[in-house]
Amino acid sequence: MSQIDSAETLHRELVQLIAQRAYERRRPGVSTGESDFYIDTKFVSLHPRGAYCIGQLILKRLKELDCHTVGGMSIGGIPIVSVIAALSDEANWPVNAFFVRKDVESIPNARKVEGNLDPGARAVFVDDVISGGTSTLRAIREVEAAGGSVDHVIVIVDREEGGPDLLRAAGYTVESLVTRTDVEEFFTE
């Protein structure tokens, strides 16, 4: 990360990219309980500058945590862990990456946890968007069942719907790169 790419600059760019490319206001569905907004981070994690910002911010935290393994859920976590692994090579600070499948029944020879999770490895788990947190917690339990150890979770966007609280209550440390409030404040600046 160069002087130009400070964590503050990367965060500001990430908020802007999410606001412009991934955030959508919508009318809530009365009968479905649908939210009044939608965030699809794949429009950012699969964007050249968005992937770079996410990867650099998380790689910086992995270095601070002295953790060399990162994992996420399919599909949203795959581009995130992939860019982190690639940037870690460039930084000469290697990070192994893996992902957790939601479904293995329909895929021959598939495992629930795919990629580079060594037995006993301490891993940081990443998620693209967190709402209630139950799917993230389920995926972390799969990592632990596969022999990994997770104590830290980093989410790209916290929808501010209680997910981090659920994970903290289960004993995990949770950080968010961006919150719903950050994105909505972008529009009022």
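The values are calculated or read from the model by the stated rules, or taken from the named source; none is laboratory data. Source: prediction; values computed, not measured. No Cβ is skipped: glycine too gets one built from the backbone with ideal geometry, and neighbour counts run over all protein chains shown.
Of the residues making up the range 136-189, just one is surrounded by fewer than 16 Cβ atoms within 10 Å (Cβ to Cβ), within 18 Å of THR41 (Cβ to Cβ) and hydroxyl-bearing (Ser, Thr, Tyr), namely THR181. Here ILE130 qualifies as over 21 Å from LEU65 (Cα atoms), of a type outside the set (D, E, K, R) and crowded, with 18+ Cβ neighbours inside 10 Å. Output yes when any residue across the range 41-57 is aliphatic (A, V, I, L, M), at pLDDT below 95 and assigned to a helix (DSSP H, G or I), and no when none is. Checked against the condition, which is being aliphatic (A, V, I, L, M), at pLDDT below 95 and assigned to a helix (DSSP H, G or I), the range 41-57 yields no hits at all.
Taking the stated definitions as given, is LEU62 hydrophobic (A, V, I, L, M, F, W, C), without any contact (Cβ under 8 Å) to a residue 40 or more places away in the chain and not in a strand (DSSP E or B)?
On the way: hydrophobic (A, V, I, L, M, F, W, C): yes; without any contact (Cβ under 8 Å) to a residue 40 or more places away in the chain: no; not in a strand (DSSP E or B): yes.
Spelling it out, it is not the case that LEU62 is hydrophobic (A, V, I, L, M, F, W, C), without any contact (Cβ under 8 Å) to a residue 40 or more places away in the chain and not in a strand (DSSP E or B).
Among the residues of the range 150-157, some residue qualifies, meaning at least one is touching a residue at least 24 places away in the same chain (Cβ under 8 Å) and acidic (Asp, Glu).
Show me the helices (runs of 4 or more DSSP H) entirely contained within the range 78-189 in which 1 or more residues are of a type in the set (Val, Ile, Thr).
Values: elements: 134-145, 163-169, 180-186.
Those helices (runs of 4 or more DSSP H) span 134-145, 180-186.
The residue that is modelled with the lowest pLDDT, counting only those in the range 68-77 that are crowded, with 17+ Cβ neighbours inside 10 Å and outside any strand (DSSP E or B), is GLY76. For the range 92-114, the set of residues classified as modelled with pLDDT of 95 or more and among the small types (Gly, Ala, Ser) consists of ALA97 only.
Can you tell me which residue within the range 27-40, out of those that are among the hydrophobic types (A, V, I, L, M, F, W, C) and in contact with a strand residue (DSSP E or B) (Cβ under 7 Å, 6 or more places away or on another chain), is modelled with the highest pLDDT? Checking each candidate, the answer is ILE39.
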